[in-house]
Amino acid sequence: MATDQGLMRVGAGAGFSLLEILIVVAVLGIAALTIVPTFLSHNDEQKIMLAANEIQNALRYAREMAVRDHRSKEVKFDTDNESLQVIDAVSSTPETDPSRKGDYRLDFPSNSLLAGVDIVSVGSVTGIITVTFLATGQPDAANTIVLSYGPHSRVVTVDEFTGRTWVQ
C-alpha cells in the first residue's frame, strides 16, 4: 500500500538504497575503530590482574597451611620459567592444590589465561626465590612480587609483620 507522502513503500521499490547501506556501514566501522582498542586494553588489564590474584591466592594458601600445620611453608618463584610452587619448607614436598587436586603449581606459559605475563622479580631478585611463611603465619621477610604484561604492571606485596597480601 503506497501513500502519497512516500512513507510506506511496497513492491519493487521496497528496501534500502545503496547510499543508506553505505552510511550505516561507515558509522559501524567508525564505532568499531573507537571501541576495539579500549576492549583489547581492558583484556590486557584483566589478564595481569588475574595473574596477580593467582599469586596472591598462592601466598595466602601457604600462609594458611603454615598456621594450620604448625610448619613453615614456602612459595617458590621461578622468574626464568614464569612459575611458582607451594611446598612444605621442612620436607620440601609440594602442597596439594585443593581446587586442582594436584600439586600447588602455577606455570604461566602453559596456562592460556596467564600466558605472556612475566614474573619480573621477587623483592629485587630474579631466578629462583622463596617466600617463606613461619608456623605463626608471619613471613620471614617483607616481599614484593612484580608482574608485567605489555605496558601493564602490578605489584603483589607481602606485609613483613602480618603476612597479609595486597595487589597494587
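The values are calculated or read from the model by the stated rules, or taken from the named source; none is laboratory data. Computed from a predicted structure; not experimentally measured. When we count neighbours, we look across all protein chains shown, and the Cβ atoms used for this are built from the backbone with ideal geometry, even at glycine.
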Exercise for review: Considering (1) touching a residue at least 40 places away in the same chain (Cβ under 8 Å); (2) surrounded by 15 or more Cβ atoms within 10 Å (Cβ to Cβ); (3) among the acidic types (Asp, Glu), say which one ASP80 fails and leave the rest.
Suggested key: (2)
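Filter the strands (runs of 3 or more DSSP E) completely within the stretch 57-168 down to those with at least 3 residues that are closer than 23 Å to GLN46 by Cβ. Spell out the reasoning first.
Working: elements: 73-78, 83-88, 105-107, 118-122, 128-133, 143-149, 152-158, 165-167.
In the stretch 57-168, the matching strands (runs of 3 or more DSSP E) lie at 105-107, 118-122, 143-149, 152-158, 165-167.
Being more than 23 Å from GLN168 (Cβ to Cβ), of a type in the set (A, V, I, L, M, F, W, C) and either buried (at least 16 other Cβ atoms within 10 Å of the Cβ) or in contact (Cβ under 8 Å) with a residue 24 or more places away in the chain (or both) is the requirement here; does VAL67 meet it?
Details: more than 23 Å from GLN168 (Cβ to Cβ): yes; of a type in the set (A, V, I, L, M, F, W, C): yes; either buried (at least 16 other Cβ atoms within 10 Å of the Cβ) or in contact (Cβ under 8 Å) with a residue 24 or more places away in the chain (or both): yes.
Taking the combined requirement at face value, the residue satisfies it.
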**Study point:** Every residue from the stretch 79-120 that is among the aromatic types (Phe, Trp, Tyr) and over 20 Å from VAL67 (Cα atoms)
**Key:** PHE108
Revision key, fill the gap. A careful count of residues in the stretch 122-140 that are modelled with pLDDT of 90 or more, surrounded by fewer than 17 Cβ atoms within 10 Å (Cβ to Cβ) and not β-branched (Val, Ile, Thr) gives 2
